[in-house]
1. Going residue by residue through the stretch 213-223, is there one that turns out to be at pLDDT 90 or above, under 18 Å from ARG286 (Cβ atoms), among the aliphatic types (A, V, I, L, M) and assigned to a helix (DSSP H, G or I)?
2. In this structure, is ARG44 in contact with a strand residue (DSSP E or B) (Cβ under 7 Å, 6 or more places away or on another chain) and either basic (Lys, Arg) or over 24 Å from ALA92 (Cα atoms) (or both)?
3. Looking only at the stretch 57-114, count how many residues are basic (Lys, Arg) and at pLDDT 90 or above.
4. Can you pull out every residue in the stretch 9-29 that is surrounded by 14 or more Cβ atoms within 10 Å (Cβ to Cβ) and closer than 14 Å to LYS57 by Cα?
5. Is at least one residue of the stretch 39-48 buried (at least 20 other Cβ atoms within 10 Å of the Cβ) and either in contact with a Lys or Arg (Cβ under 7 Å, 6 or more places away or on another chain) or in the same structural domain as SER144 (by TED's automatic domain parsing) (or both)?
6. For the stretch 93-121, enumerate the residues that are within 27 Å of LEU170 (Cβ to Cβ) and assigned to a loop (DSSP other than H, G, I, E, B).
Amino acid sequence: MSPDVGCRDYARTQFGFITRAQALDCGMSTDAIKRRVRAGVWVRVGPRLYFIDGAPKSSRQELMQACLLLEGVVAGRSAARVHGLLGFRAQAVEVVTMRSFMRAPEGVIVHRTNYLPPEDVTTLGGLPVTTPARTLLDLGGLVSSKLVGRAAADALARNKVTQPLLADQLRRAGINGRPGTAVLRAILASLENLEPGSVSESDLEDAMLEVIAKAGLAPPVRQFELREQGVLLGRVDAAYPHKLIALEADGYECHSARAEWLYDRRRQNAFESRGWRFLRFTVEDRRIPQPFMADLARLYALGAVRARAV
């Protein structure tokens, strides 16, 4: 295999980037690298880092570039976004590294650490990124405890983490004084004292439950799971199972990724094919809740008849 082919193959796994050390490992000489840069075939994008012209463009190139420049991995809010944790959208690039002398590129937030073992790092979509458990620990030092709690509830509900994994993360990395330790410890303590499904996942969900309570209607079951022969068919924010009513708090940020969108549609199909009705609570319903409550009251009155029919 020629050095050029080897470098292109290497770069394809890194969104078009290759380091000088990697190019040398592929058999490319220092002079050959310089010639390709002068010819514009390779573009120097940082110290000892190049972008190979013609490589496929990707929205994750900025994250990979920062990781290679800083010899680190995607972390913090960027890691939460890569994992699809609830409440995190596009923000500045964040990377964690164990190298103390690396200068941060413009627009990149760098977290330096003396503890980043292999078990705290995974690969997702081609990117090196902190695991969901390590990400939640790190988030505790960056954002509000309420936001971390909701992200943790979301990760647990979708099996991205488990309580034992979070406990192990705290045991290994959660030394006193480390940012995020107190928040993760509090989250674990609260999870042990909560009934399953009692954690709401958004302010909008809280608002929906408050509107229902103020209207005097019986409280719905939170985080209701529809199962058939032990198989989980889907979960909704709240439900009246005896009335076959499923309630969802729909914010603008929900279900933006294709996988999330597909899951949402398939889940709703599973519910509705078994006689359930969906009612969605939006940000407008928080401001003017009367139409939502009128529709809910109508479905609630019809629910017993429909449930018996099913």
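The values are calculated or read from the model by the stated rules, or taken from the named source; none is laboratory data. Quick caveat: nothing in here was measured; it's all calculated off a predicted structure. Here Cβ is always computed from backbone atoms with ideal geometry, including for glycine, and neighbour counts include all displayed protein chains.
1. Within the stretch 213-223, one or more residues are at pLDDT 90 or above, under 18 Å from ARG286 (Cβ atoms), among the aliphatic types (A, V, I, L, M) and assigned to a helix (DSSP H, G or I).
2. Working: in contact with a strand residue (DSSP E or B) (Cβ under 7 Å, 6 or more places away or on another chain): yes; either basic (Lys, Arg) or over 24 Å from ALA92 (Cα atoms) (or both): yes.
So ARG44 fits the description; yes.
3. Step one: of the stretch 57-114, the residues basic (Lys, Arg) are 57, 60, 77, 81, 89, 99, 103, 112.
In the following step, the residues that additionally are at pLDDT 90 or above were identified as 77, 81, 112.
The number of residues fulfilling the criteria is 3.
4. ALA11, ARG12, GLN14, PHE15, GLY16, PHE17
5. Looking only at the stretch 39-48, we keep the residues that are buried (at least 20 other Cβ atoms within 10 Å of the Cβ), and these are 42.
Narrowing further to those that are either in contact with a Lys or Arg (Cβ under 7 Å, 6 or more places away or on another chain) or in the same structural domain as SER144 (by TED's automatic domain parsing) (or both): 42.
Yes: one or more hits.
6. Residues satisfying the conditions are MET98, ARG99, SER100, THR113, ASN114, TYR115, LEU116, PRO117.
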